[in-house]
Amino acid sequence: MLDWPEIILRLGVATLAGGLIGLNRDLHGKPIGLKTLGLVGLATAMVVMLADPSGDSGRISDASSRIIQGILTGIGFLGAGVIVHAEHHFRIRGLTSAAATWLAACVGSACGVGQWRIVTVALVIALG
């Protein structure tokens, strides 16, 4: 069972990481920003933690694996709704917003299972 400091750490870092991805988007005047992506990170970490309350960061349980698969599928559908094809301009819009949402969900999932090195490297690459 996870103790309070570990729960706060995992959920806090997930929210902060999603928020950082969103802040980058807010600074560039793009839709889907700090609040939205912070909430995506928080929600995905919470659901992953609920799937395996033991909190063993050394492995991902079958239940956690299924939850992560469901999250990524759901976020994919959400992202598809964000992508809009402008008929007259032959442009696709919203693709980066969808990708940022998917990234925030992935980072939130990694926080939920306590994979801190993966979270750190992913954030450095995404923000760099």
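The values are calculated or read from the model by the stated rules, or taken from the named source; none is laboratory data. Keep in mind it's a predicted model, so treat the numbers as computed, not measured. Cβ sites come from the backbone with ideal geometry, for glycine too, and all protein chains shown count toward neighbours. All accessible areas refer to the heavy atoms of the entire protein, side chains included, with ligands and DNA or RNA removed. Shrake-Rupley method; radii C 1.70, N 1.55, O 1.52, S 1.80 Å.
How high is the relative contact order of segment 20-128, given as a whole-number percent (alpha carbon pairs under 8 Å, six or more residues apart)? Please list the in-between numbers first.
Values: 129 pairs, mean separation 36.2, N = 109.
Computed value for segment 20-128: 33 percent relative contact order.
Using the membrane-span-like helix rule (whole DSSP H runs, Cα extent along the own axis of at least 15 Å, mean Kyte-Doolittle hydropathy at least 1.0), which helices of the chain qualify?
Going by DSSP H runs, the hits are 34-51, 95-112, 116-127.
May I ask you to list the chymotrypsin sites (Phe, Trp or Tyr not before Pro) in segment 1-106 that are in a DSSP loop and have at most 10 other Cβ atoms within 10 Å of their Cβ?
Those that pass, being in a loop and sparsely packed, are 90.
Given Cα pairs under 8 Å that are at least 6 residues apart, what percent is the relative contact order of segment 1-54? Let's see the in-between values first.
Values: 61 pairs, mean separation 20.7, N = 54.
It comes to 38 percent, rounded to a whole number.
Hey, any idea what % of segment 48-116's accessible area is carbon plus sulfur with a 1.4 Å probe? Can you show the working numbers first?
Working: 2490 of 3990 Å².
So the carbon and sulfur contribution to the accessible surface is 62 percent.
Jot down the per residue volume, in cubic angstrom and as a whole number, of the convex hull over the alpha-carbon atoms of segment 1-58. Kindly include the intermediate steps, with their values, before the conclusion.
Numbers: hull volume 4.0 nm³, N = 58.
Taking the convex hull of the Cα positions in segment 1-58, it is 68 Å³ per residue.
How much of the pair distance distribution for segment 54-128 lies past 14 Å, counting alpha-carbon pairs only, in percent? Don't skip to the end; give the middle numbers.
On the way: 1850 of 2775 pairs.
Within segment 54-128, distances greater than 14 Å cover 67 percent of Cα pairs.
How big is the equivalent ellipsoid of the chain along its three axes, where each semi-axis is √(5λ) from the Cα gyration tensor, reported in whole Å from largest to smallest? All intermediate terms of the calculation are to be shown ahead of the outcome.
Working: eigenvalues 158, 50, 23 Å².
Equivalent ellipsoid of the chain: 28, 16, 11 Å, largest first.
What net charge do the residues around residue 83 carry, taking every other residue with its C-beta under 12 Å from that of residue 83, with Lys and Arg at +1 and Asp and Glu at -1?
+2
Across every pair of different alpha-carbon atoms, what Kirkwood hydrodynamic radius in Å does segment 28-85 reach? All intermediate terms of the calculation are to be shown ahead of the outcome.
Numbers: mean 1/r = 0.0769 Å⁻¹.
Over segment 28-85, the inverse of the mean reciprocal pair distance is 13.0 Å.
Helix-only estimate, please: 222 nm mean residue ellipticity of the chain, summing -39500 (n - 2.57) across DSSP H runs of length 4 or more and dividing by its residues, to the nearest 500.
-24500 deg cm²/dmol
Before I look further, what does segment 14-91 give for accessible area per residue, probe 1.4 Å, in whole square angstrom?
Ligands and nucleic acids excluded, the result is 61 Å² per residue.
Report residue 59's accessible area, 1.4 Å probe, all protein chains in place, as a number in Å² to the nearest 10.
Counting only protein heavy atoms, residue 59 exposes about 130 Å² to solvent.
Calculate what fraction, in whole %, of the accessible area of segment 1-40 sits on carbon and sulfur atoms when a 1.4 Å probe is rolled over the protein chains. The partial results should precede the final answer.
On the way: 1810 of 2490 Å².
The value for segment 1-40 is 73 percent carbon and sulfur by accessible area.
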